[in-house]
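Structure first, then comments.
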Amino acid sequence: MVNNINNSNASTSSYSYLQYKNKVTGLASGMDIDSLMEKLMKAESAQMEKLQQQKQKYEWKRDAYREVNTSLDKFQKDLFDKYGLKSSWNSKTANVSANNAIDVKAGANASGNLSVSEITVAKAAQKRFDSQALSTQRISETTKISDIQGLSDKTALETFAGGDGSVKSLMDRFESEGFKMTLTNGQLKVTEQNNTTEMSETTKEAFTKLGFQFNTASQQSTTIKDSAGEIAKTDSKLSDLNLTSGKLTIGSKEIDLSEFASNPDATMSDLMKKIKEEGYNASLTNGKLTVTSPNSSETLQVTSDNAVLDKSFSPTFKTTTSATYVTSGGSGTLTGKNTIQDLLGGSDSESGEFTLNVIQADGTMKETTIQYKNSDTIDSLMSKMNSSGAGVTAIFNNGQFSISANNTGHNANGAEISLVSPSPLFEKLTGQSANDLASNGSNASMTVNGVEYKQSSNVFNIAGYTITANEDLKTGTPIKISSTNDTDKAVDKVKEFVNMYNSLIEDLNKRVSEKKNLSYQPLTDAQKAELKEDEIKKWEEKAKAGLLKGDTNINKALSDMRSTLTNFGSGTDNMLSKIGITTSKTWSDNGKLEIDEDKLRKAIEKDPEALSRIFTGDDSTDNKGIASSLRTTAQNAVKNIEKTAGKASSTEETYTLGRNLKDVNTKIDDWKDRLKTIEERYWKQFAAMESAIQKANTQSSIFTQ
C-alpha cells in the first residue's frame, strides 16, 4: 500500500499541488501543461510534505502524552476518593435485631453492643394557611371610572372623559389632546406625547388625578418642522425653521432669536448652545425641543412670541405610568399566577423584603432576608423562598399556602419558622398578622443502654454507630445492635485497588514497549485524497504505533511508582508485604501487584485496622498512607509530562512539543510562500515556450503559402 501511494500519478488524484489552474493552455505545443505542472510541483513540494508529516508526528505524540496524563490524573483522584479516607476502609457490618424503627451503620470505630428503646422520631415544623381571597380585579377599558378604587375626585375625571364614563372614554379624551395611552394589567401608560396643542390645565389635572407626575423643572415644545415639513434636527438651519425672530423666555432669562438672523448658517445646535449659556439644559428629540433647569425643584416656565414656538411649551412627564387600579368584584381565590401586586397594590416596579428566622440542622436558628418585586408571581415567590438557603419549603395552590422547615427539631425559644418583623405580604398569604408561622417541630430521643439521648436530628452517632430513627417506639423488646468485621468487604476493596493500579501499569508499559511501524508514515494531503475514510483510519492507527516507545517521562513515572510501593513502610508493620501484597516476579508483568488472599484475610482478621493504617496513614506516628504517597507520585508524573506536552489550556510557548510545533509551522508557511514563487516561475516559462512555438508556427505557415 505504501508503494502504491508513493508512486501514484498525481494527475489522477482529486488533490492538486497547484495554486493556479490553466494559466497556460498548451494549445500551441499540444502538451498537457496542467499534468506537467502537477508533477513538477509535486517534486518541489516534497520537502514541505516532510515538514507536514513531522508536524503530524508532533501532534500525535502530544495527544498521546495527554492521554497518559488523563489516565494518571484519574488515578490520583480515585486514590483519594476511594482509598485515601479512613471511612473508605470501614469494613464493619452492623447487626440489628429485627425492627423497622431504626437504620444502623457501623463506622470504622464501632464497638460494643447497644440496646435501644423508647424512640421518639423528630418532626419538622409545618403549617398550612388559607390565604385571603381576592376581592378586587384590575381595571379594563370597559370599567366605569366611578368603580375604580383608590381614585380621588372621580366626578371630575368622568366630566373630563365624557362619553359613557368608561376608562376607554378617558383614554380617547387624552388621545384627542395629543396623548396616546395604553392599558396593561390595570396600569395606564402614556406611550406617545404629540403636544400638538398646549396642554390645558384641565388635562394636566386629569393626569395628576390618575397618579401621573410632571417634571416642574422641564418644558417641551411641539414638533418643530421646516417649510418643507421636515422634522428639525441639530444641524437644521434656524432660518429654514423660521426661528430667527422674536424672543424665547426661559424662567427669568430672555434669548433674542433675531441675533441669529445675521448668520444664515446658524442651526438648532447653536440655539441649544445659547440656552446652555443661560444656565439651562437643552435637548432635541424627534423634533421636540426640551429645556430643563438644573434645579430640579424649580417650577420652570418657557414662553415665546415667535410664531413657531408661541404657546407651544408644555411640562414633561416625570412618570408615564399610573398606579395599578382595581375595581370591586374580583376573581376570588388567589392562585400562583397572581402577582404580589395583586395582593398589595402599588406599581409593579415597587419592591419589598421580609426576613425569616428558621431552625437549622444543628438546632440553631438562622435569619435569612428575601427580597421581592411586586411584579413577582406567588409561584416565583415560593421559588425564591425555597432557594434562599433559609431552610424552608414553601408551596402554594388555589389559595392554600404551606410552609415547612427542612430540618427537624424544636426551638425552645419560640417558633421553628417565624418572621423577624410583621409583613403585609404574609398577612395576605396566611390570613393572620402573627409573626409565628410554624411552631410544631419536635426533637428526637432514644434511650441507649439506659442513657437518654435528645437532639433535633433523627440521626444519632453513638459508640461508632450511626443510628437513624424511623418510627416511634414506646414499648416492646429493646433493639439490639452489635458489629462484626466484614473481611470479604475488606478483601474486595484491596482487590479493587490492585486492579486499578495494575490497569494503569499495563497501559503505561504498553505505550513504552509498543513497536514502531516505520513503514507507516503520516499521510500527506495528496495521499489522503486517494483513500477512503476507513482506509485512512486504519493507516493512521498503524502510523501512531510506538509513538512513546522507550519514553523517558513514562519510564520515570513507572519507576517512581514501583519505588513508592517497594519502599513504603519498609521495616514496619505498615509494609504491603505484611498483608500479602507484593510486586509480581514475572518479568512480563513489569511491576504489577499480586495478592496472597489467604495472607490478606489472616492479616485483616488479626488486625482489622491494618488496612486503614496502611492506606490512609497512622495518626499516632504521622506517617502518610500508601494512597497519599502514591497520589503524590502520580501528580509529580503529570507535572513532568506537562513540561513536554502541555495541557489543553497551555500555549505553545510553554511546553517542548508546542515550541517544536510552532517552529515547524513557521517552516511550512515559508515553504508555501516559496512554492507559490516557484509555481509562478514555471508558469512563466511554459507561457514563454507556448509563445515561441506559436510564433514559429505562424512563420512556418507563411513560408508554406
Residue selected from the stretch 1-19 under the condition part of a loop (DSSP other than H, G, I, E, B) and at pLDDT below 80, by the criterion farthest from ASN697 (Cα to Cα): MET1
Filter the stretch 515-540 down to the residues that are hydrophobic (A, V, I, L, M, F, W, C) and in a loop (DSSP other than H, G, I, E, B) and list them by number. LEU518, LEU523, ALA529, LEU531
Just for helices (runs of 4 or more DSSP H) wholly inside the stretch 146-262: which have at least 1 residues that are closer than 24 Å to LEU309 by Cβ and out of contact with any strand residue (DSSP E or B) (no Cβ under 8 Å at 6 or more places or on another chain)? 167-176, 201-209
Name the one entry in ASP103, ASP78 that is at pLDDT 90 or above, of a type in the set (Asp, Glu) and in contact with a strand residue (DSSP E or B) (Cβ under 9 Å, 6 or more places away or on another chain). ASP103
For the structure I just gave you, tell me whether THR182 is within 20 Å of GLY287 (Cα to Cα) and loosely packed, with under 13 Cβ neighbours inside 10 Å. no
Within the stretch 400-457, work out how many residues are within 20 Å of GLU353 (Cα to Cα) and of a type in the set (Ser, Thr, Tyr). 7
Would you please name the residue that is farthest from ALA133 (Cα to Cα), looking only at residues in the stretch 356-366 that are exposed (fewer than 15 other Cβ atoms within 10 Å of the Cβ) and touching a Ser or Thr at 6+ places or on another chain (Cβ under 8 Å)? ASP362
Could you tell me whether VAL451 is surrounded by fewer than 16 Cβ atoms within 10 Å (Cβ to Cβ), assigned by TED's automatic domain parsing to the domain that holds VAL116, more than 15 Å from ALA124 (Cα to Cα) and aliphatic (A, V, I, L, M)? yes
Within the stretch 410-427, the residues that are surrounded by 15 or more Cβ atoms within 10 Å (Cβ to Cβ) and more than 36 Å from the chain's Cα centre (by Cα) are HIS410, ASN411, ALA415, GLU427
Being of a type in the set (Val, Ile, Thr) and not in a loop (DSSP other than H, G, I, E, B) is the filter here, so list the residues in the stretch 416-472 that pass it. ILE417, THR430, THR447, VAL448, VAL451, VAL459, ILE462, THR466, ILE467, THR468
Please return the ranges of helices (runs of 4 or more DSSP H) entirely within the stretch 562-665 where 3 or more residues are assigned by TED's automatic domain parsing to the domain that holds ASP63 and over 18 Å from LYS495 (Cβ atoms). 626-645
Just checking, does the stretch 339-353 include any residue being in contact (Cβ under 8 Å) with a residue 40 or more places away in the chain, acidic (Asp, Glu) and touching a Ser or Thr at 6+ places or on another chain (Cβ under 7 Å)? yes
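Being touching a strand residue (DSSP E or B) at 6+ places or on another chain (Cβ under 7 Å), assigned to a strand (DSSP E or B) and over 17 Å from ALA323 (Cα atoms) narrows it down to one residue among GLN137, GLN126; which is it?
After ruling out the rest, the residue left standing is GLN126.
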With the first residue restricted to the stretch 600-618 and required to be at positive phi and crowded, with 19+ Cβ neighbours inside 10 Å, and the second required to be in a helix (DSSP H, G or I) and modelled with pLDDT under 85, Cβ contacts under 9 Å at 6 or more apart or on different chains are GLY617/LYS86
Which residue, of THR290, THR355, is assigned to a strand (DSSP E or B) and within 42 Å of the chain's Cα centre (by Cα)? THR355
Lone qualifier among LYS253, LYS233, LYS274 - being basic (Lys, Arg), farther than 30 Å from PHE212 by Cα and free of Cβ contacts under 8 Å to residues at least 60 places away in the same chain: LYS274
Only one residue in GLY229, GLY251 is farther than 22 Å from ASN295 by Cα and either surrounded by 15 or more Cβ atoms within 10 Å (Cβ to Cβ) or modelled with pLDDT under 90 (or both), so which one is that? GLY229
Please enumerate the residues belonging to the stretch 675-694 that are over 60 Å from the mean Cα position of the chain (by Cα) and more than 13 Å from ILE33 (Cα to Cα). SER691, ALA692, ILE693, GLN694
Here are some conditions: (1) surrounded by fewer than 13 Cβ atoms within 10 Å (Cβ to Cβ); (2) assigned to a loop (DSSP other than H, G, I, E, B); (3) touching a residue at least 60 places away in the same chain (Cβ under 8 Å). ASN697 meets all but one. Which one does it not meet? (2)
Just for the stretch 142-166: of the residues that are surrounded by fewer than 15 Cβ atoms within 10 Å (Cβ to Cβ) and closer than 22 Å to LEU344 by Cα, which one is modelled with the highest pLDDT? SER146
Given the criteria at pLDDT below 85 and within 22 Å of SER296 (Cα to Cα), does GLU201 qualify? yes
By residue number, the members of the stretch 21-38 that are part of a loop (DSSP other than H, G, I, E, B) and touching a residue at least 24 places away in the same chain (Cβ under 8 Å) are LYS23, VAL24, THR25, GLY26, LEU27, ALA28, SER29
Mind listing whichever residues of the stretch 363-415 are charged (D, E, K, R) and part of a strand (DSSP E or B)? LYS366, GLU367, LYS373
Are any of the residues in the stretch 542-549 surrounded by 14 or more Cβ atoms within 10 Å (Cβ to Cβ), touching a residue at least 40 places away in the same chain (Cβ under 8 Å) and more than 41 Å from the chain's Cα centre (by Cα)? no
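The values are calculated or read from the model by the stated rules, or taken from the named source; none is laboratory data. Remember, predicted model here, so these are calculated numbers, not experimental data. Here Cβ is always computed from backbone atoms with ideal geometry, including for glycine, and neighbour counts include all displayed protein chains.
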